[in-house]
Amino acid sequence: MTTNKPEESVRNGNDQLSSLESSEHRILALAKGSGKGISDKDIQNEVPDLRPDQRASIINKLLAQGYFDLFNQGGTLLYKLKDPSRIQKVKGADNEEKIVYSIIEEAGNKGIWIRDIRFKSNLIPTQLNKILKILENKKLIKAVKSVSASKKKVYMLYNLEPDRTVTGGAWYCDQDFEAEFVDVLNQQCYRFLHQKLEATRDCKGGPIAARNISYASSKDVWKYISELGISKVQLSVEDMETILDTLLYDGKVERCVTTDGSHLYRAVESLLPAPGIVRIPCGVCPVLRHCSDVGSVNPKKCVYMKEWLE
């Protein structure tokens with residue numbers, strides 16, 4: 001009985017293809033179980049029956065399909081499995097789009113300027129602008145205006161919340177500094193601390209006990225401001241510490257550090273009223289030494305004096 005060689009060849013080819021697919025799944029499972037990535041030696045130990053050329057073919061295929069990120073750690077190449085949701089997002093995109101997407105992804109929630117994207121991707125401006133537009137239309141990335149440069153935009157992933165350094169945090173709205181809002185918070189924070197100070201006047205436990213009662217943590221101040229409902233945006237404890245720091249620099253409060261490293265604040269009252277010179281702009285003017293009755297810096301043209309009089 002003779003064997004049909006073409007059929008046997010097809011059968012062997014199918015078996016080999018099935019074996020390679022099985023090896024591919026084993027490599028993916030190995031990478032999934034390792035958060036730090038896998039090396040070529042790890043793959044050899046997991047699938048010892050693979051020839052070097054077959055192993056290289058599978059790795060190149062998985063890299064081309066976007067399953068792995070490639071790292072160099074101490075001279076050893078590591079293959080780390082990408083987030084499945086990320087693979088799905090860039091599925092169907094060409095190589096240039098994937099490169100731009102990965103550059104923007106690396107920037108995180110601080111974003112990246114278009115000039116830096118162009119430098120890293122080595123793409124010409126017209127091509128890069130087209131790719132950015134495509135990624136924006138797919139809602140994979142978004143452009144955010146930065147408070148540090150009003151005419152420039154930074155790009156970040158669509159689902160990320162911009163960092164405070166980009167938006168300015170709670171103190172900015174549409175890139176404009178909310179001076180009135182900050183002043184109101186400044187006044188209310190001081191009012192809360194001053195009320196605690198006033199409440200200690202009837203304390204019968206002595207001066208040390210009265211002093212301890214007058215202190216409040218930044219979390220206490222944050223809770224008070226939140227309950228007032230004067231803010232349209234969600235404020236954090238760190239935001240309150242920023243306001244309390246301005247009161248500290250103005251000499252209206254003092255701060256102490258507890259044993260666990262946290263800060264406590266209390267209102268202070270000045271023993272002497274501020275001198276009159278400090279109350280006018282001249283007392284704190286940064287260009288006072290250049291001011292005279294002639295020249296560009298003079299009292300008649302002084303914007304600080306004009307604002308103070310108004």
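The values are calculated or read from the model by the stated rules, or taken from the named source; none is laboratory data. Fair warning: this is a prediction, and the values are worked out from it, not measured in the lab. Virtual Cβ from ideal backbone geometry, glycine too; neighbours counted across all protein chains shown. What goes into the accessible areas is simple: the full protein's heavy atoms, side chains included, and nothing from ligands, DNA or RNA. Shrake-Rupley method; radii C 1.70, N 1.55, O 1.52, S 1.80 Å.
From helices alone, the chain scores -15000 deg cm²/dmol at 222 nm; the rule is -39500 (n - 2.57) for each run of n ≥ 4 DSSP H residues, then divide by the residue total. Note on the range 92-167: with charges restricted to the Cβ of Lys and Arg (+1) and Asp and Glu (-1), its dipole about the Cα centre is near 380 debye. Simple spin-label estimate for ASN186 and LYS98 gives 5.4 nm between the two label positions (7 Å along the Cα-to-Cβ direction from each Cα). Across the range 299-310, rounded Karplus estimates of 3J(HN,Hα) from the backbone phi angles (6.51 cos²θ - 1.76 cosθ + 1.60, θ = phi - 60°) give x, 5, 9, 5, 6, 5, 5, 5, 5, 5, 5, 6 Hz, Gly and Pro being marked x. Under the simplified labelling scheme, the GLU161-GLU310 pair shows an inter-label distance of 3.6 nm, with each label point 7 Å from Cα along Cα→Cβ. A simple count of charges around HIS194, restricted to other residues whose Cβ falls under 12 Å of its Cβ and scoring Lys, Arg +1 and Asp, Glu -1, yields +3.
As a fraction of the 1.4 Å probe accessible area of the chain, surface on carbon and sulfur atoms comes out at 52 percent. Hey, of [x] 36, 61, 4, 0; [y] 32, 51, 18, 0; [z] 20, 33, 28, 14, 4, 1, which did the structure itself give for P(r) over Cα pairs in 20 Å bins from 0, in percent when calculated? Given [x] 36, 61, 4, 0; [y] 32, 51, 18, 0; [z] 20, 33, 28, 14, 4, 1, the calculated one carries the label [z]. Here's how it looks for SER217: its modeled amide H is under 5 Å from those of TYR265, which are all 5 or more places away or on a different chain. On the basis of the beta-carbon distance and an R0 of 35 Å, LYS219 and LYS145 show a calculated FRET efficiency of 0.65. Extension gain for LYS130 to ASP116 (0.36 nm times residue separation, less C-alpha to C-alpha distance): 3.4 nm. Sorting 133-143, 68-78, 288-298 by average packing, meaning the other beta carbons within 10 Å per residue, from highest down gives 133-143, 68-78, 288-298. For the chain, a simple Cβ point-charge model (Lys and Arg +1, Asp and Glu -1, everything else neutral) yields a dipole of about 540 debye relative to the Cα centre. Residues whose amide H lies under 5 Å from that of SER146, counting only those 5 or more places away or on a different chain, are LYS152, VAL154; hydrogens are built 1.01 Å from N in the peptide plane.
Annotation: amide H-H contacts under 5 Å for VAL253 (H modelled 1.01 Å from N, sequence separation of 5 or more, or interchain): LEU248, VAL268.
The lysines whose alpha-carbon is closer than 19 Å to the alpha-carbon of LYS41, local same-chain residues fewer than 8 away aside, are LYS32, LYS61, LYS80. About the centre of its Cα atoms, the range 137-203 shows a dipole size close to 580 debye [charges on the beta carbon of Lys, Arg (+1) and Asp, Glu (-1) only; nearest 20 debye]. Inter-label distance, ASN60 to GLU198: 8.0 nm, where each label sits 7 Å from its Cα along the C-beta direction.
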